[in-house]
Amino acid sequence: KTRVCMEEEGLINQKLPKELLLRIFSYLDVPALCRCAQVSKPWNLLALDGSNWQKIDLFNFQTDIEGAVVENIARRSGGFLKKLSLRGCQSVGDNAMKTFSEQCPNIEVLNLEECKQITDATCISLSRNGRKLQRLDLASCSNITDESLKALSEGCPNLTHINISWCDNISEKGVGLLARGCPKLRHFIAKGRMFVDNESAIHLATQCPLLEVVNFNYAAALTDEAIQRLAQNCLNIHYLCISGCPNLTDATLLALAQYCHKLTTFEAAGCSQFTDNGFQALARNCHYLEKMDLEDCVLITDNTLTYLAAGCPRLEQLTLSHCELITDDGIRQLGMAPCAAEHLTVLELDNCPLITDASLEHLVSCHNLQRIELYDCQLITRAGIRRLRNHLPNISVHAYFAPMTPPPPVGGSRQRYCRCCVIL
Amino acid sequence: MSPIGGDERNGSNFRKKCVIIDENVAELCDKILQNLSNTFDKDDLLDEFDIIPCESKLNQSPVIHDLTSHKLALESWCVPYLYKHSYHQFLWICRKSRKPSTSSSSNTTIQSSNSGSRRDSGNIASSKREKELSRKLSCLSESERISKGLLLSRALIIINPELTLAWNYRRDYFHPTSLEALEREQRFVSLVMSRKPKCPEGFTYRKWLIKKALQKCLVEPSRIQDFISHEIDMIEQPIRSYSTNYHAWSYRFWLLELVLTYDKTVVSKDQKERMLDRELQKSNTWIKSNVSDYSGCHYRQKLLECMLNFGTDGTLLLLKELDENEKRIFIFEGHESLWHHRRAIILLSMNHFKKFKDNNSSKAPPSSEEYDGLEALEKTLQDKESDLVQQIESKNYNDTENECSQLNSTLCQAHVKWMGRRLKWDLTKSVHLEV
């Protein structure tokens, strides 16, 4: 005896008002929405309603995404689309992006990282139509040149976040034009551009006083003057990465100490000319420092740690890898610092050969310490690590000692009997 | 209160501790992988690798690298952890790289993590690890994922060269754009074979590399012969390290044939002849010092066949070969490979003469002289064998104590039987057959 299901009973679109339904659908991601659109006509209308397509992330599809897909999405979402991520979608080209920029004039956040086929034409069309563009990520788009930045400077005055990492064809002139056209710029990320960016920094300094996040990782040509000018004019900088810029000296640190008091994250790995004097000034003035990466700053000694202990009560992460002059005494100072007990979470001391088990003793009072790196510190012993673990059970200690428990057998834990027991 | 306890109360603490240690293992293995890949980047000319059995005593990297002598070693304590961890990551990457036919990629990751937890059911640590792995690796873009895959496959192959999955991954994703890149990959395979000279996977991969190089025209036509000769020289090392290395010798022959298939414009007849002569000499020296390397003998047989097809004077070559073989049978008593070689040479001679006869008979009726000449050759061979057998039997008759000569005589009798069966030569008169 079969029971016929009455049509009116189960249909969601008859039970709930449209606004609620749209709200429910707004939580779904792209694959789910596409599946829902294939269920029935009402579902199709609801799923493909523009309001569900304000924020789209196509990262999980990567190379499967071709131009046509982007064009379809653009047409479907129209003016609703505000955030789109095409990171890793290597098959997307200029034509698709042109259609996209024409159809979606309200775009605010656009991620084109690793879309290697994109050229200047895309940025030109974006500038023509995307007046509301705020955040643009062009990392690893190697075909982009100064023309793009020129177009963006003319068409997108609201730009606040820009990422041009690994774009070797952009020169300082382009950056200068961009700075002039987008004075609201707050985040400037330009990693891996080895021969440029000294002038860029000066352009940014003069034109973009609102800068908060600046990343010049691996810009090996940077000199003190550039950072000094940057510090002087951009007082709001709280994240600065100058790792891989070996030409910088203490003068940079002095400038930062003088002007950028809001600095919280400071990455200076590979700046091998920095000495204790620079850090003394920095610690004395920048009290909000939370994360510091000083890997390969080989000239710094325990004195730096004393200064940091005294001046930076909020220090959470400190990297001192390869700083060969650091000894147990410096760690003792750090252990007694006001930041140590509650704030310090990550401490990297790998390749500091003078560190011994005594340092680990000094760190037992750091209750929030989650990770400590001790690779290649040859004077550290298993016993020392065990003692530290006794005091701080949640800590993960990274060293080259084999783990204490043997690895579980790869083939599954089948109980094995020796031959005689089986026979018995 | 120490968390390292054994009683019931501390059970959950202990399990938590295991989880923590597992996470540390992942970090440790990642660091060791990083060290390995830095070593590969730093030193292009690595030629030897081995795993050193030792325990973990010092806080020192288990990757040992000597830049001056280009040797690489790994301490054995880290190998189980490193291998297991790399393998998990590599499997994840392989699954992700496979194009899903209908299901979306999010579906496949759910499936894989489900199957992972089902496999280790009851083991909290590993399902958590699976999720952690999934989270860490899914934020890699495709090109990052491919380079990570190549890095992992390199580490896996160097520890376990039998892992076909890793080799196949490299076949899919290693695209050499220049000759230097290809040569670097060839050196890597040699490095792997320095530890395991008899892995068939390595040789098939080398074949694939050569084919790829020639297909993509990475080698200029004038340098093809040098390129392949260089490769033949690289094969010397696995041949020397492992006796009767069948895969090495068959690969060597494949390379030789490859050169011979090129026409006059690329490789001249002179070059080919020189190559064959050189190989013949090398093979002779090798057999002199490695008498029971039957793969080496087999190579020599194929080499002689090649030379006959190439058009050198067959008779002289083969008769000389039989003489050499005879000498060796007397010096090295009891080596079965020599007898097998002899049989192969005899067969080769007979086939060659027959072909010669057939070829000539089709062109013009043979003169009675020539015809007689060929018949005479066959008779000569028969006589040679008969002499040999007689000498061996007499030796054995005189010297019954010597085990080697006993063995030699047994082998000789087997040889006579073979000649009777295969060639229909009846030499039983010259020997006292013991059934």
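The values are calculated or read from the model by the stated rules, or taken from the named source; none is laboratory data. Keep in mind the model is a prediction, meaning the values are calculated, not measured. Positions of Cβ are generated from backbone atoms using ideal geometry, with glycine treated the same way; all protein chains shown enter the neighbour counts. All accessible areas refer to the heavy atoms of the entire protein, side chains included, with ligands and DNA or RNA removed. Shrake-Rupley method; radii C 1.70, N 1.55, O 1.52, S 1.80 Å.
Give the cross-link partners of residue B:216 among the lysines, using a straight C-alpha distance below 17 Å as the criterion and excluding same-chain residues fewer than 8 apart. Here the lysines satisfying the reach criterion relative to residue B:216 are B:207. Using Cα pairs closer than 8 Å and at least 6 residues apart in sequence, work out the relative contact order for segment A:1-154, in percent. Reported relative contact order: 16 percent. Taking a straight line from the alpha carbon of residue B:384, these lysines sit under 22 Å away, with near neighbours fewer than eight places off in the same chain left out: B:288, B:320, B:327, B:354, B:355, B:357, B:395, B:417, B:424, B:429. Here's how it looks for residue A:297: its modeled amide H is under 5 Å from those of A:270, which are all 5 or more places away or on a different chain. Computed from the C-beta positions of residue A:57 and residue A:18 and an R0 of 22 Å, the FRET efficiency is 0.30 to the nearest 0.05.
Modelled spin-label separation between residue A:396 and residue B:401, with each label point placed 7 Å from Cα along the Cα-to-Cβ direction: 7.5 nm. Taking every residue in A:56-65 and counting other chain Cβ atoms within 10 Å of its Cβ, the average works out to 3.
Across segment B:152-165, coupling constants 3J(HN,Hα) worked out from phi with the 6.51/-1.76/1.60 Karplus curve, θ = phi - 60°, read 5, 5, 5, 5, 5, 5, 5, 7, 10, x, 8, 7, 4, 4 Hz, and Gly and Pro carry x. Dividing the mean sequence gap of close Cα pairs (under 8 Å, 6+ apart) by how many residues segment B:219-290 holds gives a relative contact order of 32 percent.
Shielding by partners for peptide A:379-391, expressed as the average number of C-beta atoms from other protein chains within 10 Å of each residue's C-beta, is 2.
Residue B:144 to residue B:233: extension gain in nm, 0.36 nm per residue of separation minus the Cα-Cα distance?
Contour length minus the Cα-Cα distance gives 28.4 nm.
Amide H contacts under 5 Å for residue A:57: A:30, A:85, restricted to partners 5 or more places along the chain or on a different chain, H placed in the peptide plane at 1.01 Å from N.
Count, for each residue of B:55-62, the Cβ atoms from other chains sitting within 10 Å of its Cβ, then give me the mean as a whole number.
Going residue by residue through B:55-62 and averaging, the value is 6.
Only protein heavy atoms count here, probed at 1.4 Å, and on that basis chains A and B bury about 3100 Å² of accessible area in total.
Normalising by residue count, segment A:53-185 has a Cα convex hull of 77 Å³ per residue.
Simple point charges give the picture: +1 on the Cβ of Lys and Arg, -1 on the Cβ of Asp and Glu, and for segment A:53-185 a dipole about the Cα centre of about 600 debye.
Among B:58, A:93, A:323, pick out the residue whose Cα is farthest towards the positive end of the charge dipole of the protein assembly as shown, where Lys and Arg carry +1 and Asp and Glu carry -1 on C-beta, about the Cα centre. Sorting the options by dipole projection puts first A:93.
Using Cβ point charges alone (K and R +1, D and E -1), the dipole size of segment A:64-113 about the Cα centre works out to roughly 200 debye. Taken one residue at a time, the phi angles of segment B:415-426 give Karplus couplings (6.51, -1.76, 1.60, θ = phi - 60°) of 4, 4, 4, 4, 4, x, 6, 7, 10, 6, 9, 9 Hz. Gly and Pro are set to x.
Comparing B:311, A:155, A:363 along the charge dipole axis of the protein assembly as shown, the residue lying farthest to the positive side is A:155, per the Cβ-charge model.
Stokes-Einstein diffusion of chain A at 37 °C, 0.692 mPa s viscosity, Kirkwood radius from Cα pairs, rounded to a whole number: 131 µm²/s. Label zone of residue A:284 (point 7 Å out along Cα→Cβ, amide N under 18 Å): in segment A:225-256 this covers A:250-256.
Take every Cα pair under 8 Å in segment A:11-51 that's 6+ residues apart, average their separations, divide by the length, and report that relative contact order as a whole percent. Present the calculation step by step, with values, prior to reporting the outcome.
Values: 24 pairs, mean separation 15.3, N = 41.
In percent, rounded to a whole number, it is 37.
Given a Förster radius of 41 Å and the C-beta distance between residue B:264 and residue B:42 as r, what FRET efficiency does 1/(1 + (r/R0)^6) yield to the nearest 0.05? So the FRET efficiency works out to roughly 0.40. For segment A:235-329, the Cα gyration tensor yields ellipsoid semi-axes of 18, 15, 12 Å (square root of five times each eigenvalue, largest first, whole Å). Relative to a virtual label point 7 Å from the Cα of residue B:288 in the Cα→beta-carbon direction, which members of segment B:237-281 show backbone nitrogen distances below 11 Å? Inside the label zone: B:281. Of the accessible area of the protein assembly as shown, computed with a 1.4 Å probe over protein heavy atoms only, carbon and sulfur atoms account for 51 percent. Basic side chains Lys and Arg get +1 at the Cβ, acidic Asp and Glu get -1 at the Cβ, and with that the dipole of the protein assembly as shown about its Cα centre reaches some 3340 debye.
Simple rule: put +1 on each Lys or Arg Cβ and -1 on each Asp or Glu Cβ in segment A:11-51, find the dipole, and look at A:47, A:12, A:25; the Cα lying farthest toward the positive end is A:12. Could you give the length gained on full extension between residue B:273 and residue B:51, defined as 0.36 nm per residue of separation minus the Cα-Cα distance, in nm? Result for the pair: 75.7 nm of gain on full extension. For the protein assembly as shown, the alpha-carbon coordinates run over 108, 80, 66 Å along the three principal axes, in decreasing order.
Here's the list of lysines a cross-link from residue A:18 could span, going by alpha-carbon distance under 17 Å and ignoring same-chain residues fewer than 8 apart: A:41. Taking every DSSP helix (H) stretch of at least 4 residues in the protein assembly as shown, weighting each as -39,500 (n - 2.57) and dividing the sum by the residue count yields a mean residue ellipticity at 222 nm of -17500 deg cm²/dmol.
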